[in-house]
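Comments concern the structure below.
The values are calculated or read from the model by the stated rules, or taken from the named source; none is laboratory data. The shown structure was predicted, so the numbers you read here are calculated from the model rather than taken from an experiment. Note: ideal-geometry Cβ built from the backbone for every residue, glycine included; neighbour counts use all protein chains shown. Please note that ligands, DNA and RNA were not included when accessible areas were found on the heavy atoms of the full protein model with its side chains. Shrake-Rupley method; radii C 1.70, N 1.55, O 1.52, S 1.80 Å.
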Amino acid sequence: MKNYAFLLFPVVAFLVVFIGFGFNGMYGQDAYEYANLARRIQNFLAHDSQLGHFGWPPGYPICGALLGFITENIFLAMQLVSTISLVTTAWFVNRTIRILNREQQFAGIYTLLFISACPFLMKAGVLVMSDMGCAACIAGLLFHAIKFRKLEKDSSLVWFFLFAAAACMFRYAAILLTFIPMLWLIPRIYRERKYLQLLTGIIIALVIVFPFLVLQINNPLGFLSRGLIADWSFLNYFRATFDSIDGHVEYKVPNIVYAFAIPFHPGFFIEGLLFLTVLFTSRRVYSTEKMMFGVFVLYALFIAGMPVQSQRFFVPALIFLLIPGYRGFDKIARLLTGSFRAIIFSVLFIFHIAYFSWNLKPYIERSRLEQDILTWISANTNQPDIYTVDMDISLAGNGLERNYHNLWRTQYDSFEKGSLVLVNPKVIAAQWNGRNPMKNWRKLNREYQLALLKSFDKGWELYEIR
C-alpha cells in the first residue's frame with residue numbers, strides 16, 4: 001500500500017477539501033467561465049444546441065462536461081478533473097523517474113513529497129482551473145518521449161503526439177513545452193526511419209486538435225490577439241508595474257526575476273534546491289536533464305514577457321524540474337541515517353501540507369464570499385438588474401437569474417434606477433483608475449443617489465440606485 005501512497009494522497013486531499021472544508025474548487029470569474037463552457041458542451045452533446053463563441057482552450061471544459069454526465073454536478077466534475085490530473089501526473093513522473101534512474105529506493109517517497117504533496121500542485125489539484133490537466137498531459141508526453149528515446153519503444157512516439165496535442169488543448173502556451181522535446185526526438189526518428197509512427201502521431205494529434213479547429217473555425221489564431229498574450233513584450237521582462245486588461249497591478253520585482261525565481265518560491269523551493277544540486281554537484285548532466293532545463297528556460301522567458309505574475313502559469317512547467325530533481329534528492333537521502341531521514345521526510349511533508357493549507361485559504365475565502373453574496377441577494381432583493389464587476393459570472397453560474405451589466409465591459413451613459421450595484425470601491429480605486437469600472441463608479445456617485453443595502457467581507461458593498 002505504501003508504494004501507492006503518492007497516488008492515494010491527492011484523493012485524500014480532495015476529500016478533506018471538498019467534504020471537510022466544503023470547498024468545491026469554484027472561485028473567481030475564470031472557474032465559473034470554465035464551468036459555463038462545460039455546460040454549453042453538455043447541451044451541445046445532449047440536445048444539439050449551438051455552442052456559440054468559444055475563446056478558451058476546449059480541453060478542460062470537454063473533460064468536465066463528459067465527467068459531468070456521470071456526477072450530474074458540473075462543479076464537482078470540474079474539480080475531479082483537476083484531482084484526477086494530479087494523480088495522473090504523479091503516476092507519470094514516478095514511472096519516468098524509474099526509467100531514468102538505477103537507484104529507485106526513494107522514488108515513491110519523492111513522488112509523494114514533491115508531486116502529490118507539492119503545495120503548488122496540490123492547490124492546482126483541487127481548484128477548478130486547467131493548469132493541472134495541462135501538467136498531466138506534459139508529464140505524459142515526457143514519459144513517452146523518454147520511453148521512445150531511451151527504451152526505444154516505437155509506439156511511444158504516437159503517444160507523445162497525443163499528449164502534446166492534449167496539453168495544448170488545455171493551455172495554448174503548452175506548445176512551448178512541447179517544442180524542445182520534439183526536437184530531442186528527431187535524431188532517433190531520422191536515424192531509424194520511424195516515419196510511420198511519426199505520421200500516425202501527427203494524424204492523432206490533428207484528431208485531438210479537431211474540437212479547437214471546429215470551435216475556432218472563423219478565427220483560429222484569434223487567441224493571439226486577445227487577453228494578456230496580446231500585451232506580450234520583451235520590455236515586460238524589466239517591468240514590475242502593468243496596465244492591462246486586468247487593470248493596474250504592481251509587483252515587488254521585475255518579471256524576469258520572478259520567472260526565474262519561481263523554483264525558489266516557498267511553495268516549491270525545496271524542489272528548486274534539489275534541481276540545482278543535480279546541476280552543480282553531478283559529474284555529468286545527462287541529455288535528458290539538459291533538454292528539460294532548456295524547456296523550463298524557454299517557457300520562463302515567454303511567461304516573463306506577459307504583463308502579469310502568476311504562480312499557476314508555472315504549474316505545467318514544474319514537471320521539467322521535478323523529474324531531474326530526483327537525483328539530488330537521492331544523493332541527499334543516502335547521506336542521512338534511517339531515523340534522521342524519517343524525521344526530515346516527516347518535517348518536509350508537514351511543511352508542504354501547512355503551506356498548501358495557508359496558500360489555499362484565500363481561494364476558500366473568495367468562494368465563501370461569493371456564496372454569502374449570492375445567499376443575501378437571493379433572500380433579500382428582487383430587483384431584476386445588477387451592475388457589477390468581477391462577480392457577475394459567479395452569481396449567474398450559481399443560478400441567480402438576474403440581468404447583469406458588467407461595469408468593466410461597458411462604459412454606461414445612464415443607469416436604471418431601482419437597480420442594484422455590487423462593487424468593491426477600494427479595488428476599483430486601486431486597480432481600475434481611468435478604466436471603465438472607475439468611470440462608471442464615478443458617474444454613479446456623481447449623478448445618482450446610492451443607498452447602501454449591505455456590506456460584505458473583503459470590502460464588497462451592495463447598493464440600490466435611487
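Taking into account only those residues within the stretch 239-264 that are in a strand (DSSP E or B) and of a type in the set (Gly, Ala, Ser), which is modelled with the highest pLDDT? Steps first, please.
Taking the stretch 239-264 first, the residues in a strand (DSSP E or B) are 241-244, 247-250.
Among the residues that remain, those that are also of a type in the set (Gly, Ala, Ser) are: 244, 247.
On the way: SER244: 81, GLY247: 86.
Checked the stretch 239-264; the qualifying residue modelled with the highest pLDDT is GLY247.
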Among the residues of the stretch 298-337, the number that are assigned to a helix (DSSP H, G or I), open to solvent by less than 50 Å² (accessible area, probe 1.4 Å) and either more than 30 Å from HIS248 (Cβ to Cβ) or without any contact (Cβ under 8 Å) to a residue 24 or more places away in the chain (or both) is 13
Over the stretch 369-408, the set of residues surrounded by fewer than 17 Cβ atoms within 10 Å (Cβ to Cβ), charged (D, E, K, R) and more than 19 Å from LYS458 (Cβ to Cβ) is ASP385, GLU401
Look at PHE160 and say whether it is open to solvent by 30 Å² or more (accessible area, probe 1.4 Å), in contact (Cβ under 8 Å) with a residue 40 or more places away in the chain and part of a helix (DSSP H, G or I). no
Of the residues that make up the stretch 127-137, is at least one acidic (Asp, Glu) and assigned to a helix (DSSP H, G or I)? yes
(1) open to solvent by less than 50 Å² (accessible area, probe 1.4 Å); (2) within 25 Å of ASN73 (Cβ to Cβ) all hold for GLU365 apart from (1)
Selection within the stretch 39-61 - open to solvent by 20 Å² or more (accessible area, probe 1.4 Å) and either outside any helix (DSSP H, G or I) or at pLDDT 95 or above (or both): ASP48, SER49, GLN50, LEU51, GLY52, HIS53, TRP56
Here's a check for you: in the stretch 204-238, which residue that is open to solvent by less than 50 Å² (accessible area, probe 1.4 Å), of a type in the set (S, T, N, Q) and within 23 Å of LEU298 (Cβ to Cβ) is modelled with the highest pLDDT? ASN236
Those residues of the stretch 14-31 which are surrounded by fewer than 23 Cβ atoms within 10 Å (Cβ to Cβ) and not in a loop (DSSP other than H, G, I, E, B) amount to PHE14, LEU15, VAL16, PHE18, ILE19, GLY20, GLY28, GLN29, ASP30
Can you tell me which residue is nearest to LEU80 (Cα to Cα) among those in the stretch 138-157 that are assigned to a helix (DSSP H, G or I) and without any contact (Cβ under 8 Å) to a residue 24 or more places away in the chain? HIS144
Restricting to strands (runs of 3 or more DSSP E) lying wholly in the stretch 403-466: which have 2 or more residues that are within 12 Å of ILE386 (Cα to Cα)? 403-406, 420-423, 461-465
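Open to solvent by less than 10 Å² (accessible area, probe 1.4 Å), among the β-branched types (Val, Ile, Thr) and either in contact (Cβ under 8 Å) with a residue 60 or more places away in the chain or in contact with a His (Cβ under 7 Å, 6 or more places away or on another chain) (or both): does that describe VAL87? Lay out the reasoning, then the answer.
On the way: open to solvent by less than 10 Å² (accessible area, probe 1.4 Å): no; among the β-branched types (Val, Ile, Thr): yes; either in contact (Cβ under 8 Å) with a residue 60 or more places away in the chain or in contact with a His (Cβ under 7 Å, 6 or more places away or on another chain) (or both): yes.
It is false that VAL87 is open to solvent by less than 10 Å² (accessible area, probe 1.4 Å), among the β-branched types (Val, Ile, Thr) and either in contact (Cβ under 8 Å) with a residue 60 or more places away in the chain or in contact with a His (Cβ under 7 Å, 6 or more places away or on another chain) (or both).
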